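The values are calculated or read from the model by the stated rules, or taken from the named source; none is laboratory data. As the structure is a computational prediction, the values presented were derived from the model and not from experiment. For neighbour counting, all protein chains shown are included, and Cβ atoms are generated from backbone atoms with ideal geometry for every residue, glycine included.
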Ligand code: NAX
């Protein structure tokens, strides 16, 4: 067994938290040889419920669970952490405008960014799941001036996995036979699920499906999948979101497979003509704990328009939160 690492999870008593913590504790995220100490953050009224989750975690007697810290103090939660999964966020209430939503989340992700800045390990890997995930990640990053901006990422892996699943079903193949799918942009309905570089069993995906299906069925289905789950289940995606968060962190820690890539929301460096600085979904490969944008992909007019639309939405969201950035 290796030395334990510290993994923070916020919103730990929520529904994604409940689907996430037991898998992290069981070694699904970092491996069966990597013990973890969980740092669980909740708001004060949710601490009794969180205590119940801690009791259950202990009752699992996981070989890879080396300790649990449960707290409502953000400075305790992020002390010396190697990984931070920021799940807790303010949901959109009835009649709430996007501006109000961004503002309410700024009050959460600004202080969390500052606490990470002050207390986390210098190479902390931060994943923001709480919506609006990309812009919440930007707020946290912009309140952590002493950390490398690349420490902050947002989750588009659930969208990536949804795209794999839709394409697998359509082509009658398994998701493991599909490579090089990309989710560009925002984790919102403007995201662009791109199959132009994807292969199924080594063959170009777009040679196996017709353009009408790609454009009118696949893209909207992936974009609207979250709403479809809410309609069917009466609650938003939880187990699949938790699973995607585990995939995101495992890939970031342990690397991508040869000949494939994954989608991660990461700070744009201007690649593919995207506004520098916004947290944008890109195709990335990962080696030795560092991600790199896949370069040199050919972008046609169809893709260009969609990549620009989701970039525009992210620039607008950024415009609404810039006053929350540390000076
Ligand atoms: P829940 O409402 O079940 O849980 C959220 C938890 O966060 C609650 O227990 C709440 O007490 C806690 N919380 C609120 N503010 C906090 C703070 N300042 N510090 C610590 N904890 C805090 O929501 P859940 O279904 O778990 O979803 C969590 C977030 O994930 C939501 O914002 C949701 O929109 C987002 N999602 C993001 C997805 C993605 O792909 N990026 C997909 C799934 C999900 O919709």
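Mind checking which residues of the range 92-124 are under 27 Å from residue 250 (Cβ atoms) and within 16 Å of the ligand (Cβ to nearest atom)?
105, 108, 109, 112, 113, 115, 116, 119, 120, listed by residue number.
If I go through the range 235-279 residue by residue, how many of them are farther than 16 Å from residue 181 by Cβ, part of a strand (DSSP E or B) and within 16 Å of the ligand (Cβ to nearest atom)?
Counting residues in the range 235-279 that are farther than 16 Å from residue 181 by Cβ, part of a strand (DSSP E or B) and within 16 Å of the ligand (Cβ to nearest atom) gives 2.
Is it the case that some residue within the range 288-295 is away from the ligand (no atom under 16 Å from the Cβ), modelled with pLDDT of 95 or more and over 26 Å from residue 85 (Cα atoms)?
yes
May I ask you to say which residue of 123, 118 is more than 16 Å from the chain's Cα centre (by Cα) and not in a helix (DSSP H, G or I)?
From the options 123, 118, the qualifying one is 123.
Scan the range 1-29 residue by residue and report those that are within 16 Å of the chain's Cα centre (by Cα) and buried (at least 22 other Cβ atoms within 10 Å of the Cβ).
Of everything in the range 1-29, those that are within 16 Å of the chain's Cα centre (by Cα) and buried (at least 22 other Cβ atoms within 10 Å of the Cβ) turn out to be 7, 8, 9, 10, 11, 12, 16, 17, 20, 21, 24, 29.
Go through the range 16-49 residue by residue and tally those that are touching a residue at least 24 places away in the same chain (Cβ under 8 Å) and more than 10 Å from the ligand (Cβ to nearest atom).
Result for the range 16-49: 19.
Just for the range 147-171: of the residues that are within 14 Å of the ligand (Cβ to nearest atom) and part of a loop (DSSP other than H, G, I, E, B), which one is surrounded by the fewest Cβ atoms within 10 Å (Cβ to Cβ)?
That would be 155.
Yes/no per residue for (1) part of a helix (DSSP H, G or I); (2) out of contact with any strand residue (DSSP E or B) (no Cβ under 6 Å at 6 or more places or on another chain); (3) crowded, with 20+ Cβ neighbours inside 10 Å:
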residue	(1), (2), (3)
31	no, yes, no
34	no, yes, no
52	yes, yes, no
69	no, no, no
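Given 13, 84, 89, 8, which one is modelled with pLDDT of 95 or more, within 12 Å of the ligand (Cβ to nearest atom), in a loop (DSSP other than H, G, I, E, B) and within 17 Å of residue 128 (Cβ to Cβ)?
Step by step, each of 13, 84, 89, 8 is checked, and only 89 is modelled with pLDDT of 95 or more, within 12 Å of the ligand (Cβ to nearest atom), in a loop (DSSP other than H, G, I, E, B) and within 17 Å of residue 128 (Cβ to Cβ).
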